[in-house]
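Take a look at the structure below.
Please treat every number below as a calculation from the coordinates, not as lab data. These figures come from a predicted structure and were not determined experimentally. Neighbour counts run over all protein chains shown; Cβ positions are idealised from the backbone, glycine included.
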Amino acid sequence: MSKETYILFDLEAAPAQVSEEGMKHWFQEIVEIGAVKIEVTEHGIQHMDEYHQYISPTFGDHISRKWAKMTGVTDVMVKNGVDFITGFTEFIQWAGEDAIFVCWSICDIRMIESNIEAHKFWMYPTMEYLNLQELFDDTYELPDHTGLKKALYRLNIEFVGQRHHALNDAKNMIPIFENLQSQILSGSEYINML
């Protein structure tokens, strides 16, 4: 077995409005990226590196108190963040060419798509991704959209750190990834392209 690189990632976002052709619509503007790079070899899973970046909002004027309370991300934190195109490009480069991206929810993929569109960033690379939440729900025959904390609880594992902090959420995906490793490595039908 050769090594495979997986990027377990999470995004935090804040509501923002974008105008197109005279029409305004709401979307979730990414304000934080957190990720853990792991390698899977015949010897098991090895934690290789971590990535964390705040993204300065382009379309939202500020992060509301309600949103800041839920995510822990404040205006002060994102004020010195990088713009989305810089942050997303750095994230993809950090991940490496052959990495498979692992998200907890399809919502993270939809956020990437909507931010790419809002920023008119058409030069992004193709990403292979796995929705770990979907695989977990199917494996344990659960209703759709089990939360990360509940999934850990089901495995008798305590959530570590503050919830809705992108890097903490990514780190907390590791034991679930390990639990589902055999399904993931068997060329899972859960791997898709963005």
Over the chain, what portion of Cα pair distances is larger than 31 Å, expressed as a whole percent? 17
Just to verify a number: FRET efficiency for residue 121 and residue 47, C-beta to C-beta distance, R0 = 30 Å, to 0.05? 0.50
Cut-off 10 angstrom, C-alpha nodes, Gaussian network model of the chain. Which of 144, 169, 75 fluctuates the most? 144
To the nearest Å, what is the center-to-center distance of region 96-164 and region 1-60, using C-alpha atoms only? 9
Per the rule of 0.36 nm per residue minus the C-alpha distance, extending residue 181 to residue 157 adds in nm 7.0 nm
Can you count the Lys pairs in region 4-193 whose Cα atoms are under 27 Å apart, with each pair 8 or more apart or on different chains? 20
What is the angle, in °, between the Cα long axis of helix 84-95 and the longest principal axis of the Cα atoms in the chain? Nearest 10 is fine, range 0 to 90. 20
For 136, 121, ascending order of other Cβ atoms within 10 Å (fewest first) is 121, 136
Summing Lys, Arg as +1 and Asp, Glu as -1, what charge do residues with Cβ under 14 Å from the Cβ of residue 79 carry, residue 79 excluded? -4
